[in-house]
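Each remark here refers to the structure printed beneath this line.
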């Protein structure tokens, strides 16, 4: 449906990077796929340029790190401004992730770290000031990221 | 409140790794902080061993990559099994992230990719089979991860 | 309670057309009811003129046809504009059905097909632009239409 | 992603049948598309065989026809039985449509006609007897079906 | 649709009785309608026998009468037992009205008077003991009953 | 807490009138209580004057009477206007009862009879025009009024 | 309605104790009311014996005291066990207050202090183990207790 | 994380004051902790000055005291005004406690005593006049305050 869809090599590269984005070198991947390193590097660059790879993130256990007020803030944005507001929410100090959901209510999920109650208040007020309507706030207990095994499958 | 809390150096290391976990070498960080590379490497290893760093992830735009059925599945787990079920949900084929929220209802958020409706059905059925009660399913439009600027601040 | 209520013949005609609106000819129905074809045709014309028959629709399995983002969009219209807005929603590109429910909230159900996330976004924005408040969006898994057997029953 | 996806001719045929499924003959479509009638017939047969065309329905204004208790019954099915229960709901006397939504709650929508309160009660009890949990019941005020204009567009 | 539907005389009688069921005698109504008293009495008896007139009630302002804990208790009954449970709820000491709503949740509304908190507790426990699931309890501030003017209108 | 609270005689009179407000004469009550008729009449007049008795109503089974669209319309009024709006709702043609609940949302319950869908629409629009926000509409299946047995009990 | 209702002196005593339960001596109150100290002491003893005074509490700002995870846990208890469960919840380590609300859902509010996420988890699990169904958990930002001025008013 | 955090002595003092804030003298506490009375008094003064001890409250059973309309009023304040409005709500006559919850909806809980329905109405209207949106009102059946045992534990 889109031109430039991923082929099996692209999907394999994404899969191996999902395992450990920091310590999996292009060489490692090249070896596993029987390709040259430069081919893998070129592919990765292309995926980055197209925006399919958006970045590489460290995954931190904030509770263990001493930040117990790690919080999910569920917001409603007007449908026509959801995209813009989700982007602006990223700039609020303390925000660590924003997810935009395709619906009319409860459609922007913000993860944020407050060091104190006052800090969480400030974050809520800034989100509210952008035009987001805060519906709920909940402590995040734990989070896990997993690779997408579907990248390795034959889709035919 | 916990011994082994992060000091300013730990927090700075985490901050720089949040920017680009793949291409920020220990050397790069060492340079910025005026430390030796081996000190930074030791610190990172310790943070990994303690579980404060849980991993390094590639961030993929699934919609652009040709997977429009990238979905947030909101579940309720019984309070006493929330932790176990959130862990088991990671093993379901197609699941890419699990978040555990500290409340009694709508307390496990699962991100999953379905290639087709049948695939999403299968994922829902497997989550249900684990003992999770599925409350809602929504298409994820976009997501952004942001570094936590608080790591660079003086907390005193 | 209304004059011009349906009699048993009208109801039978509707029933047979519910089975297969395309391949059930007036002749077929006439034969089953022991009437002349022209009587059946006249009755059908009258039912169409009165608006009781609104049209004849093909029933498509959009998922099978390659459109996985076939979606139910649940909206709230102000009570006094519900009727007008439900009508206007039909004109939005991608909308395939609109249902108006007799209540104050969640009272306009729109079925729509998006080819991509951006396409679904556009539909949501156009509905929002009309004055509909979007409350929820959900993927439609399947739909079935069934004839109303009550048409064949003796109501006395 | 699926082999056997629709080409532009298939989509055009579907589009014209959406306009008036009863009075648009294969000849009419053949003429518009500059194809032979037999080609159009073959295509239609293939779409029916594949299940992409599920049938042809008459669209009745039940309120005008003297059935004011035309009702939308919103149910919850257990995720693993949603598909089976949605199918079984079709057999309940008075049911005119069933829609299956891809979520955990409020995931089966049943349209039904009751001639009296007792009749609506019976329908609700039969749905309940199947294993559907009835959440809401609302009078349907009006419904409109519209062709999907996307069938006529160039998707490249 | 039912035989034995009300005619204009029946409807007028109901209308006048709605004004003041205690002090409007059959004579009063007969006079207004230009009928004999015995005709009116016969009609009223027939309406009572058919169950269309269920009784004649005094309307009491419980708050003014010194019962501030006059409460609306909203319950959910299983669909197949809603009718039976609504009837049984009438027998609970302190209950003054029961309304049965045609839906799956929040479908039995009970008005009840508690003299004390313990008394309201007892009523709730008895309703729960019958099998009703209590969802909400709210103080009733005021209630007004009004005649149905539609009884006097020409329906053609 | 209020002066002029009901004594045991008042409560007994109310109780007997709850049984059958039309056919229980003052004489009947007087006999049961061992009082003179005129005493009972005086008491009743006083209860009416004080507003404790608000009227005497006929209880009609609207479904049996041929009005299947007998509906409960749940509204939200702004707290400061709830009382005024509940009163004004009584004047809307088709409304048969209004209950005012002591809370901030879903605080005005209106019972109304619509003869057709258009009629119910008109009622909803008029309520909306007054300033009531309509939240839900549900068909009333049945209602029962019961005497308050507490009137006969010794409260000491 | 109850014998042993409070008189004006009782109410005044309660009012002064609401101001500062620790530093308002019986002498202080006696002086303000023109009574003897022993009269005040007797009255207070009686109010304590009757259970009208349940105790004297210190009001702590837990956030300031270094406990940011001071949380309101909203539970549902079965109606017939609400009272018993609310009492048992008091015994859970970390619980600082329990409120029992007279309704069927969300009817037990528990305030609790968790020192860490694991601690809050343990509290939730113990409440769940008692038979309470946890519906929501929210951080308490602040709380204020105020005297009831109504104690000083003339109620006649 | 804060300087001036509580040490074990502070925590013990708070614990003993939680038992009975009125009848536990500084001497009693000093004895239990093996400290001088003046040390305890100094500590208490410091805790009061810092705002960690906000006051000492009498705990009244309002239902037993003859006030059955003791009510929890749940409100929503705009996020940026939640703090100010929670403070202003304390001034409303009849309010006995205000709790501010760290979320966007249902974020201010007000306990209030109404002597009559009109009194509760007045309170609701004053809260509404401040800018609080009242969402729910419920009768409080009972409440219990408990000491926080965590104060006596070794946190290491």
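Tabulated values for the structure
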{"quantity": "Residue ID - farthest from residue B:148 (Cα to Cα), chosen from residues in the range B:17-42 that are without any contact (Cβ under 8 Å) to a residue 24 or more places away in the chain and within 9 Å of another protein chain (Cβ to nearest Cβ)", "calculated": "B:23"}
{"quantity": "Selection count where residues are crowded, with 21+ Cβ neighbours inside 10 Å and under 30 Å from residue H:63 (Cα atoms), scope the range E:50-61", "calculated": "1"}
{"quantity": "Every residue from the range D:1-32 that is surrounded by 18 or more Cβ atoms within 10 Å (Cβ to Cβ) and at pLDDT below 90", "calculated": "D:6"}
{"quantity": "Residue match in the range C:102-109 (condition: within 24 Å of residue C:59 (Cβ to Cβ), assigned to a strand (DSSP E or B), more than 7 Å from every other protein chain (Cβ to nearest Cβ) and in contact with a strand residue (DSSP E or B) (Cβ under 8 Å, 6 or more places away or on another chain))", "calculated": "yes"}
{"quantity": "Among (1) on the phi > 0 side of the Ramachandran plot; (2) touching a helix residue (DSSP H, G or I) at 6+ places or on another chain (Cβ under 9 Å), the one test that residue H:68 misses", "calculated": "(1)"}
{"quantity": "Members of the range G:83-95 found to be in contact with a helix residue (DSSP H, G or I) (Cβ under 8 Å, 6 or more places away or on another chain) and either in contact (Cβ under 8 Å) with a residue 24 or more places away in the chain or buried (at least 24 other Cβ atoms within 10 Å of the Cβ) (or both), listed by number", "calculated": "G:85, G:88, G:89, G:92, G:93, G:94, G:95"}
{"quantity": "Subset of the range B:113-138 that is more than 10 Å from chain D (Cβ to nearest Cβ) and not in a helix (DSSP H, G or I) - its residue that is surrounded by the fewest Cβ atoms within 10 Å (Cβ to Cβ)", "calculated": "B:131"}
{"quantity": "Residues satisfying the stated conditions in the range H:145-156, i.e. surrounded by 18 or more Cβ atoms within 10 Å (Cβ to Cβ), outside any loop (DSSP other than H, G, I, E, B) and in contact with a helix residue (DSSP H, G or I) (Cβ under 7 Å, 6 or more places away or on another chain)", "calculated": "H:151"}
{"quantity": "Residue check for residue D:65: surrounded by 22 or more Cβ atoms within 10 Å (Cβ to Cβ) and free of Cβ contacts under 8 Å to residues at least 12 places away in the same chain", "calculated": "yes"}
{"quantity": "Residue within the range G:82-101 that is within 14 Å of chain E (Cβ to nearest Cβ), outside any helix (DSSP H, G or I), at pLDDT below 95 and within 17 Å of residue H:71 (Cβ to Cβ) present", "calculated": "no"}
{"quantity": "All helices (runs of 4 or more DSSP H) inside the range B:1-64 with 3 or more residues being touching a strand residue (DSSP E or B) at 6+ places or on another chain (Cβ under 8 Å)", "calculated": "B:8-19"}
{"quantity": "Residues being within 14 Å of chain H (Cβ to nearest Cβ) and under 20 Å from the mean Cα position of the chain (by Cα) - total across the range F:63-80", "calculated": "2"}
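The values are calculated or read from the model by the stated rules, or taken from the named source; none is laboratory data. Please read all numbers here as calculations on a predicted model, not as lab measurements. Counting neighbours? That spans all protein chains shown, and the Cβs are built from the backbone with ideal geometry, glycine included.
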